[in-house]
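To start, the structure under review is shown below, and the notes come after it.
The values are calculated or read from the model by the stated rules, or taken from the named source; none is laboratory data. Everything numeric in this text was worked out from a predicted model, so none of it was measured. Reconstructed Cβ throughout: ideal geometry from the backbone, glycine too, with neighbour counts over all protein chains shown.
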Number of protein chains: 2
Amino acid sequence: MSTPAADRTPLSQRSPEELHAFLEEQRAAYAALEGRGLRLDLTRGKPSAEQLDLSERLLSLPDGHLDGRGVDVRNYGGLEGLAELREIFAELLGVEVDQIVAGGNASLAMMHEVLVWHLLHGGVDSPRPWKDEDEVTFVCPVPGYDRHYTMLESYGIRMVTVPMLEDGPDVDAVEEIVRDDPSVKGMWIVPTYANPAGSVVTQEVAARLAAMPTAAPDFRLFWDNAYAIHHLTSEEVKSADIVALSSSAGNPHRPVVFASTSKVTFAGSGVAFLAGSRETVGWYLGHLKFASIGPDKVNHLRHVQFFGSADGVREHMVAHREVLAPKFEAVQEALEAGLGGLGVARWTTPRGGYFVSLDVPDGCAARVVALAKQAGIALTPAGASFPYGEDPRDRNIRLAPSFPVLDEVRTAMAGVATCVALAAAEQLVGDAS
Amino acid sequence: MSTPAADRTPLSQRSPEELHAFLEEQRAAYAALEGRGLRLDLTRGKPSAEQLDLSERLLSLPDGHLDGRGVDVRNYGGLEGLAELREIFAELLGVEVDQIVAGGNASLAMMHEVLVWHLLHGGVDSPRPWKDEDEVTFVCPVPGYDRHYTMLESYGIRMVTVPMLEDGPDVDAVEEIVRDDPSVKGMWIVPTYANPAGSVVTQEVAARLAAMPTAAPDFRLFWDNAYAIHHLTSEEVKSADIVALSSSAGNPHRPVVFASTSKVTFAGSGVAFLAGSRETVGWYLGHLKFASIGPDKVNHLRHVQFFGSADGVREHMVAHREVLAPKFEAVQEALEAGLGGLGVARWTTPRGGYFVSLDVPDGCAARVVALAKQAGIALTPAGASFPYGEDPRDRNIRLAPSFPVLDEVRTAMAGVATCVALAAAEQLVGDAS
């Protein structure tokens, strides 16, 4: 590993002897790695203790039990969530207050409700419940978020993949799929700093997704804006306004927007949000009223007092960035140091979010994850970013550096680079012994 | 109203002249009532501010963010809920710790999940998802809880009623319905201090419900033990152990038990629980994992620290009783003072829970509620305790005295008695002018 990346010869240009020597080097490096007895975890996009500490004041809030309008937040009621909290996040998500609902602790639960009610009841403009369709298909940009796929799979929904590009999903491919097939009812997308690709859906792509003709009259964009304000640089990318774009394109009920404070305050004890057209919000609350006596308004008030305003949220996210950005830099440095110039891996340099997406040689991802595991470095299973956990090229690995402390990220990522170099060399030498 | 109840002649035994005089008296009393310009609300079983204040210390908890096992409660994970909280409520509900899940802020949401997953997936032992059955029927003891009915109605589930008796649902009737009709998939029941009848399912009735043959192999008892520990007297009725009874009768997966702290701590910000056989809990978590990243464990820890133990919960419920019991006594006194001896009304004297069930002459309930409304006293709509909001005899009124302060309960209930007397007199005189 002592050769500077810029001076390296790509493995594909090396002689068989050089490759053998490289393989032996990597085996030695890997043996040393194994010998360290590491126990490191890069599997999930979890905030670190240091990030959670930023919100510790929440634990002793709220002061009092009345909101600004005099509502006793301890009692039942207020299905749509506390008005003051909805005001803050309406501003952050760029919608009107009556177009947003503040719910429980998980946007995943809200997505589940929206999916289930489409299945059992149908949406605002569905001709029938989706359960009564012969087939229901979702478009899935890949790589993507495993929990989206597993939820769809659990309900027997067919998944068709399209590539996730720098500017969002391959919108040409999407347009073609949705235009002719009425079974295509929806598409999940993480529009900002996508999991794991880091892509941001541009204004242009969003406008096409909002306006594209769909064979299904009730096609839905599940717009999971989980990382809307989770910037890693001072650039602070602005999410496309899918609600307004869809409305002006004549498809007002197409998007259902989700967001949460899971990676803003506490991962397990934040507040989730749903937004969309007024009819979408009315549809959602119209079904929710049979299933809920209202959200945890004490937690809503706690968050209102903690943030104070939308600017308070933005300032808080800067403190997160200061913790996270060095970890993401460490990932870049370790990958460049270990793999730069070898021509065996490509990785993203995200401007926000929680992930780095690493592509290794086709057929090597599972091997890399296995090698890392054996060396005590837990990675997300290869294929996790694809429907059914199956990466057809077995090349993508999702790296999640947020949870370990900085030194551990450095150590783990140096180890990952060793595993990638070893797996690539094994493949090239044709010796996976 | 000045005649002592014991000295009154039942209205049915009075002459036409006496009835006319009585009607005039009640009209005068009602006019006086209207003149007071009241604004009182007996509609819902909501805890009062005084009750909520009993848990005010929760607002500044938890101390720290680690549970007794060192789990950082602020982060993701732990789908089944915090172990220490589950231990406390396992003891209170009489199940093992691995037979209980601690969830979000509403048992209604857990009931909804269980119903929806039966519809879309089927239960532990279902031959197929309930959505694929020609028809799904639930047995509904009446009077009962309106939210159970509206949830069933929202999913197009047929409801068949049986009378709710002193010792629980009319189990002869239930046995007959479930024995021959395979579409009968479930029955919702509030086993302890039922809403609104106040009945407690006895050991004998529970044993028969647990053991009765059912045509459907996957018949479910939705055992909504919302008031398990909500005693109004020192008697402290113990709920029948439906999980053990069903298990020993060979129907281990029949019951799904629900409970919550909605009326123990904060109505909107408590913790809900689900319990049942290990397979039922596994089934529930097996579906929940696609819809949740785990419950709000900070709120779980908050409750653990607040209660300390199951005994801590029991002591806390005594404090609730001290607030609630006088209000329920006031209801009894007002009804007896206004209606005793007239032979026009019967009402329950609950030993726990949140409701008094009042039966007025057939055909008079809606009139009483309308009269009360006009006099500024909001009552639960007549018929609310029946499926589709339709009381076939139009006689039942649910009284919920928990929310108003004691003086308001007295005032409101005296007013209700006046409305009942007036409506009864109107009917007898045949003059509903």
Go through A:Ser309, A:Ser239, A:Ser262, A:Ser246 for me and flag whichever is touching a helix residue (DSSP H, G or I) at 6+ places or on another chain (Cβ under 9 Å), within 14 Å of chain B (Cβ to nearest Cβ) and not hydrophobic (A, V, I, L, M, F, W, C). A:Ser262
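Condition check: within 14 Å of chain A (Cβ to nearest Cβ) and either over 30 Å from A:Gly103 (Cα atoms) or not small (Gly, Ala, Ser) (or both). Does B:His316 satisfy that?
no
Per-residue answers, yes or no, for (1) surrounded by fewer than 22 Cβ atoms within 10 Å (Cβ to Cβ); (2) within 25 Å of the chain's Cα centre (by Cα):
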{"residue": "A:Gly276", "(1), (2)": "no, yes"}
{"residue": "A:His300", "(1), (2)": "no, yes"}
{"residue": "A:Gln305", "(1), (2)": "yes, no"}
{"residue": "A:Gly312", "(1), (2)": "yes, yes"}
{"residue": "A:Glu315", "(1), (2)": "yes, yes"}
For B:Tyr149, are the conditions met, namely being touching a residue at least 24 places away in the same chain (Cβ under 8 Å) and within 13 Å of another protein chain (Cβ to nearest Cβ)? yes
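Could you list, in sequence order, the residues of the range B:51-72 that are assigned to a helix (DSSP H, G or I), exposed (fewer than 15 other Cβ atoms within 10 Å of the Cβ) and more than 8 Å from chain A (Cβ to nearest Cβ)? Spell out the reasoning first.
Of the range B:51-72, the ones assigned to a helix (DSSP H, G or I) are B:51-53, B:56-60.
From the residues that got through so far, the ones that are exposed (fewer than 15 other Cβ atoms within 10 Å of the Cβ) too are B:53, B:56-57, B:60.
Those that are assigned to a helix (DSSP H, G or I), exposed (fewer than 15 other Cβ atoms within 10 Å of the Cβ) and more than 8 Å from chain A (Cβ to nearest Cβ): B:Asp53, B:Arg57.
Kindly indicate whether B:Val162 is touching a residue at least 40 places away in the same chain (Cβ under 8 Å), outside any helix (DSSP H, G or I) and touching a helix residue (DSSP H, G or I) at 6+ places or on another chain (Cβ under 7 Å).
In short, no.
Yes or no, residue by residue, for (1) among the basic types (Lys, Arg); (2) within 30 Å of A:Val178 (Cα to Cα); (3) touching a helix residue (DSSP H, G or I) at 6+ places or on another chain (Cβ under 8 Å):
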| site | (1), (2), (3) |
| --- | --- |
| A:Gly35 | no, no, no |
| A:Glu56 | no, no, no |
| A:Arg69 | yes, no, yes |
| A:Ala106 | no, yes, no |
| A:Val124 | no, yes, yes |
| A:Pro127 | no, yes, no |
| A:Asp134 | no, yes, no |
| A:Val139 | no, yes, yes |
| A:Pro143 | no, yes, no |
Only one of B:Lys238, B:Lys263 is free of Cβ contacts under 8 Å to residues at least 24 places away in the same chain and part of a loop (DSSP other than H, G, I, E, B), namely B:Lys238
For the range B:127-159, which residues satisfy the criterion of being within 23 Å of B:Asn396 (Cα to Cα) and assigned to a strand (DSSP E or B)? B:Phe138, B:Val139, B:Cys140, B:Pro141, B:Val142, B:Arg158, B:Met159
Scan the range A:344-351 and give yes if some residue there is within 14 Å of another protein chain (Cβ to nearest Cβ), within 27 Å of A:Phe258 (Cα to Cα) and out of contact with any Asp or Glu (no Cβ under 6 Å at 6 or more places or on another chain), otherwise no. no
Output the number of the condition that B:Glu322 fails; it satisfies all remaining conditions of (1) more than 14 Å from every other protein chain (Cβ to nearest Cβ); (2) crowded, with 19+ Cβ neighbours inside 10 Å. (2)
Which one of these does B:Arg220 not meet: (1) farther than 27 Å from B:Pro47 by Cβ; (2) surrounded by fewer than 22 Cβ atoms within 10 Å (Cβ to Cβ)? (2)
Go through the residues of the range B:73-87 one by one and say whether even a single one is part of a helix (DSSP H, G or I), outside the structural domain of B:Pro404 (by TED's automatic domain parsing), in contact with a Phe, Trp or Tyr (Cβ under 9 Å, 6 or more places away or on another chain) and surrounded by 12 or more Cβ atoms within 10 Å (Cβ to Cβ). yes
Against the condition buried (at least 24 other Cβ atoms within 10 Å of the Cβ), more than 22 Å from A:Met111 (Cβ to Cβ), more than 9 Å from chain A (Cβ to nearest Cβ) and touching a residue at least 24 places away in the same chain (Cβ under 8 Å), how does B:Val281 come out, does it pass? no
Those residues of the range A:268-302 which are closer than 16 Å to B:Ala291 by Cα and not in a loop (DSSP other than H, G, I, E, B), in sequence order: A:Ala272, A:Phe273, A:Leu274, A:Leu288
Within the range A:249-258, which residues are away from chain B (no Cβ under 14 Å) and outside any loop (DSSP other than H, G, I, E, B)? A:Pro255, A:Val256, A:Val257
Positions within the range A:94-107 being crowded, with 23+ Cβ neighbours inside 10 Å and in a helix (DSSP H, G or I), in sequence order: A:Ser107
